[in-house]
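The values are calculated or read from the model by the stated rules, or taken from the named source; none is laboratory data. Everything numeric in this text was worked out from a predicted model, so none of it was measured. We place every Cβ from the backbone using ideal geometry, glycine too, and count neighbours over all the protein chains shown. Heads up: the accessible areas ignore ligands, DNA and RNA and are worked out on the full protein's heavy atoms, side chains in. Shrake-Rupley method; radii C 1.70, N 1.55, O 1.52, S 1.80 Å.
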Amino acid sequence: MPNNLALGKETLWSRRQLLKLGLCGTGVTGVAALWHMANAKRKSIVKVPPLEIAAPEGVAQPMKMLRNFDYGTLKKENGRTIREFTLTAGTSVLQLNSAVSYNIWDLNGHIPGPTLRVKQGERVRILFLNKAGHSHSLHFHGIHSSDMDGIRPVSNGSATIYEFDAEPYGVHLYHCHIEPVTRHIAKGLYGMFIIDPPTPRPPADEIALVMAGYDINDDSHNEYYAFNGLPHFYMDNPIRIYKDQLVRLYVLNIIEYDPAVTFHLHANFFDVYRTGMTLTPSEKTDVITMGVAERHILEFAFRYPGKYMFHPHQDAIAEHGCMGVFEVMNA
């Protein structure tokens, strides 16, 4: 079927049409808008340690991604509020270390893509532009109609709109769904999608961690692994948190080619909220197994200052880049 035909409401648009739509939306209230402002005010009692290193330049920015949630732009249309995001697929070169670079597909110039954040029941609109040289799409985990499922190819130079009500609350994800799906995901077209519950969770230092792998020689085996884009980054640049303060990790495993990985935290235990779809923890543990695309909320607080490692308990995966350190500080 030609790529320029529409499937139901999942309409393909030219760049000119899409920009026109974006400019013609009425009632723009700003990126964070009222809910974001209220959310920020609610979390104002949470203390976040200052950064002492400059964020690295380039397609991967692990330190910035830790606490950078994209709340989109609010618009009013026909009496209803729309939370709108723009995601553009492109191509980039990722410098994995001083000797190895890797060609990837990116979203908004980054890997992973932005961590999108909405509230359950909100109307969500995603404007997707494909400038990555191949056909791509965006499939969102959650509940929506079949014509918004993101399985239809969007050809290079084209665009489409995904629109649906955000449900259910939890930690979800989005990714390209064009065959071979594994390759399209592994090359960088993925991101976290958080739907907050109607009743906010307790205040916490909220951190996003996305686990991914890199198959640099196309042998269906990962040579490098990473949290938030760059191998070993959080070993060299520990994540600073405060002692006795609740930390809420949003953890996503998007490592392709490995059937499952674990996540282990040193010298502590965490409460597990499976898929983030509950306000009551299901268990307390210090290691959890996650299949591909599995994600959870993990909550904990450290009693003692110091440096504590986190990593998969598969040594080969950890040693090849998927390893980091929390530096616990006195407030």
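Summary table
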item: Relative contact order %, the chain, counting alpha carbon pairs below 8 Å whose residues are six or more apart; result: 16
item: Helix-only CD estimate at 222 nm, as mean residue ellipticity for the chain, using -39500 (n - 2.57) per DSSP H run (n ≥ 4); result: -3000 deg cm²/dmol
item: Choice from R125, R80, R67 showing the highest fluctuation, given a GNM over the chain with Cα pairs closer than 10 Å; result: R80
item: Cβ-based net charge around T182, under 14 Å, with every Lys or Arg adding one and every Asp or Glu removing one; result: -4
item: Per residue value of the accessible surface for the chain (all protein chains in place, 1.4 Å probe), Å²; result: 43
item: Whether the stretch 78-210 is rounded, prolate or oblate, judged on the alpha carbon gyration tensor where a/c under 1.5 counts as rounded; result: oblate
item: For the stretch 306-323, 3J(HN,Hα) per residue [Karplus equation, 6.51 cos²θ - 1.76 cosθ + 1.60, θ = phi - 60°, Hz, x = Gly/Pro]; result: x, 10, 10, 7, 9, 4, x, 8, 8, 4, 4, 5, 5, 5, 9, x, 8, 8
item: Phi to ³J(HN,Hα) by Karplus 6.51 cos²θ - 1.76 cosθ + 1.60 over the stretch 172-186, Hz, x for Gly, Pro; result: 10, 8, 9, 6, 5, 10, 9, 5, x, 4, 4, 5, 5, 6, 4
item: The stretch 207-307: trypsin sites (Lys or Arg not before Pro) in DSSP loop, at most 14 other beta carbons within 10 Å; result: K243, R303
item: GNM top mover of P168, P305, P197 - the chain, alpha-carbon springs below 10 Å; result: P305
item: Rounded, prolate or oblate (a/c below 1.5 giving rounded, otherwise prolate when a/b exceeds b/c) for the stretch 215-320 by Cα gyration tensor; result: oblate
item: GNM top mover of D219, D70, D147 - the chain, alpha-carbon springs below 10 Å; result: D219
item: Within the stretch 200-286, percent of DSSP bridges classed antiparallel, to nearest 5; result: 55
item: Gyration tensor (Cα) of the stretch 148-290, equivalent ellipsoid semi-axes in angstrom; result: 28, 22, 13
item: Built amide H within the under 5 Å cut-off of H139, gap 5+; result: H175, C176, H177
item: Among beta bridges that DSSP assigns inside the chain, antiparallel share in %, nearest 5; result: 70
item: Carbon/sulfur fraction of accessible area - the stretch 182-331, other protein chains in place, 1.4 Å, %; result: 51
item: Three-way shape call for the stretch 163-228 based on the alpha-carbon gyration tensor, with the a/c threshold at 1.5; result: oblate
item: Amide proton proximity set for L246, modelled H, under 5 Å, gap of 5+; result: D205
item: Enclosed volume per residue, in Å³, of the convex hull spanned by Cα atoms of the chain; result: 136
item: Accessible-area composition of the stretch 97-172, carbon plus sulfur, in percent [1.4 Å probe]; result: 47
